[in-house]
Amino acid sequence: MQKAIEKAVNNFIEKSKGRIVRIISHHDTDGITSASIFAKALERLNIPFTVKIIKQLDEEIINSLNKNDLIIFLDLGSSSLLNLGKLNEIFVIDHHEITSEIPINITLINPHVFHEEDISASGLTYLFVKKINEQNKDLANLAVIGMVGDMLDRELSKLNNHILQDAEVLIKKGLLLYPSTRPIHKALEFSSSIFIPGVTGNSRGAIELLREAGIEKNNKGYKSLIELNEDELSKLITAILLRRGSRDSRDIIGNIYLVKFFNKLEDARELSAMINACSRLGYYDIALLLCLGNTNSRIRAESIYADYKQHIVSALNYVSNMNKIEGKNYIIINAKKEIKDTIIGTISSILSMSSLYEEGTVIVGMAYCEDKIKISARVAGRNGRNVREILESVTSKIGGECGGHALAAGCLISKDKEKNFLDYLKKALDVELVKV
């Protein structure tokens, strides 16, 4: 893949002479960090550019593009190759599964083409700009944040390890709560990495859990996670496992990545969540400026992040009390207008990482998005059915845009197809269950 990247870089540099580059990227943390990495590299080359952040690449957006522009798609495009074939020569840096043949006008950098281990789009973008100039090694920190944001840090590939070696990062083994550098009761209350019944989204529940674990305040308040001693950490892990009804700590213990950001070490998971929060609530400019090191954006981003966490808590409370569609090994959460379309994917992910559902359970979240419906599907645990294929089998019948991975995928359908979608989805899930 490295040779393909080098060839693509040379082609890109040649094509960009005297032109404006249009960067189009996805609105999650991986997409935002990818756009920031590429924008910084172009700035250093004095190449003029624009950045457009989008929720999903659909036919309407593709048709609106100028065929003569030099366009690079980041963290999206692999499921839209046929439609992108209508444009002139373009570049796609993406890690999602490829659903069609690659048109000759597209230069595609994707690990699936080269049968490489998985890597985030921000990681691929970093490898691309590093080939442009070794000076861009200082952008490895952003690639680490993107990697963590796409949850590709638990089983590190060789490519990701190379990026970590370039980054200014301190890796510590610990409890996968974030922020690990802030008071532990707040990390417990707002945790979206580890769902704890009665604690996540509940300030009193968080304090009660700490009492159960025998962790008390000191004269400065509660310690942060990385300040806990071994005995305190062990007691906290035991208390969390008891609340989750599990004895297996493998899903809650892992690497904590402290990256250099604004000249100090900060928890990559919290930074990822902050970037994601800004973008999900529509503040793409703040998310980009934060990644690019704009100091004024930090205060604004923290305020948006606090608001976002309240949205998550409210959404989780709503889900716990709503009527859900449940089958054997699947659950469908049709939130309609009660949960933001930009948050439904996060809610599905949180539930998939909780102890509420058995491994392999398919969790499908649905939320209205103007005249469309955003669908986010996840698989509880690390093994299960291919939800991208399931969603594709449904959208092939009713229409819609689909993409993602085997264990985490999404689609966008017309709102008037809601009933048809649910009918076909339930049939597909039941049929898939029989096949297994």
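Here is the figure for the range 1-41: residues that are free of Cβ contacts under 8 Å to residues at least 24 places away in the same chain and either crowded, with 20+ Cβ neighbours inside 10 Å or under 26 Å from the mean Cα position of the chain (by Cα) (or both) total 0.
Within the range 373-398, the set of residues being surrounded by fewer than 18 Cβ atoms within 10 Å (Cβ to Cβ), over 16 Å from Asn329 (Cβ atoms) and out of contact with any helix residue (DSSP H, G or I) (no Cβ under 7 Å at 6 or more places or on another chain) comprises Ser396 only. Scanning the range 185-196 for residues that are in contact with a Ser or Thr (Cβ under 9 Å, 6 or more places away or on another chain) and assigned to a loop (DSSP other than H, G, I, E, B) yields Phe190, Ser191, Ser192, Ile194, Phe195, Ile196.
Output the helices (runs of 4 or more DSSP H) that fall wholly within the range 197-297 and possess 1 or more residues being of a type in the set (Gly, Ala, Ser), closer than 23 Å to Leu351 by Cβ and under 25 Å from the mean Cα position of the chain (by Cα), or say none. Write out each step before concluding.
Values: elements: 203-212, 230-244, 268-280, 284-291.
Per the criteria, 268-280.
Every condition in (1) surrounded by 18 or more Cβ atoms within 10 Å (Cβ to Cβ); (2) more than 19 Å from the chain's Cα centre (by Cα); (3) on the phi > 0 side of the Ramachandran plot is met by Glu370 except one, and the failing one is (1). Being in contact with a Cys (Cβ under 8 Å, 6 or more places away or on another chain), in the same structural domain as Leu236 (by TED's automatic domain parsing), more than 15 Å from Gly149 (Cβ to Cβ) and touching a residue at least 24 places away in the same chain (Cβ under 8 Å) holds for only one residue in Ile304, Ile286, and it is Ile304.
Look at (1) farther than 19 Å from Asn329 by Cβ; (2) surrounded by fewer than 21 Cβ atoms within 10 Å (Cβ to Cβ) and you find that Gly410 fails only one, number (2).
Is it fair to say Ile344 is in the same structural domain as Ala406 (by TED's automatic domain parsing) and out of contact with any Cys (no Cβ under 7 Å at 6 or more places or on another chain)?
Judged against the criteria, Ile344 is a match.
Within the range 310-333, work out how many residues are among the charged types (D, E, K, R) and crowded, with 17+ Cβ neighbours inside 10 Å. Result for the range 310-333: 0. The criterion of being touching an Asp or Glu at 6+ places or on another chain (Cβ under 8 Å), at pLDDT below 90 and crowded, with 16+ Cβ neighbours inside 10 Å holds for Ser157. Within the range 273-280, does at least one residue satisfy the condition of being touching a residue at least 12 places away in the same chain (Cβ under 8 Å), in contact with a Cys (Cβ under 8 Å, 6 or more places away or on another chain) and crowded, with 19+ Cβ neighbours inside 10 Å? Looking through the range 273-280, at least one residue is touching a residue at least 12 places away in the same chain (Cβ under 8 Å), in contact with a Cys (Cβ under 8 Å, 6 or more places away or on another chain) and crowded, with 19+ Cβ neighbours inside 10 Å.
Among the residues of the range 161-184, which ones are of a type in the set (Val, Ile, Thr) and part of a helix (DSSP H, G or I)? Those that are of a type in the set (Val, Ile, Thr) and part of a helix (DSSP H, G or I): Ile163, Ile184.
The values are calculated or read from the model by the stated rules, or taken from the named source; none is laboratory data. Bear in mind that the values here come from a model prediction, so they are computed numbers and not experimental data. As a convention, Cβ positions derive from the backbone with ideal geometry for all residues, glycine included, and neighbour counts pool all protein chains shown.
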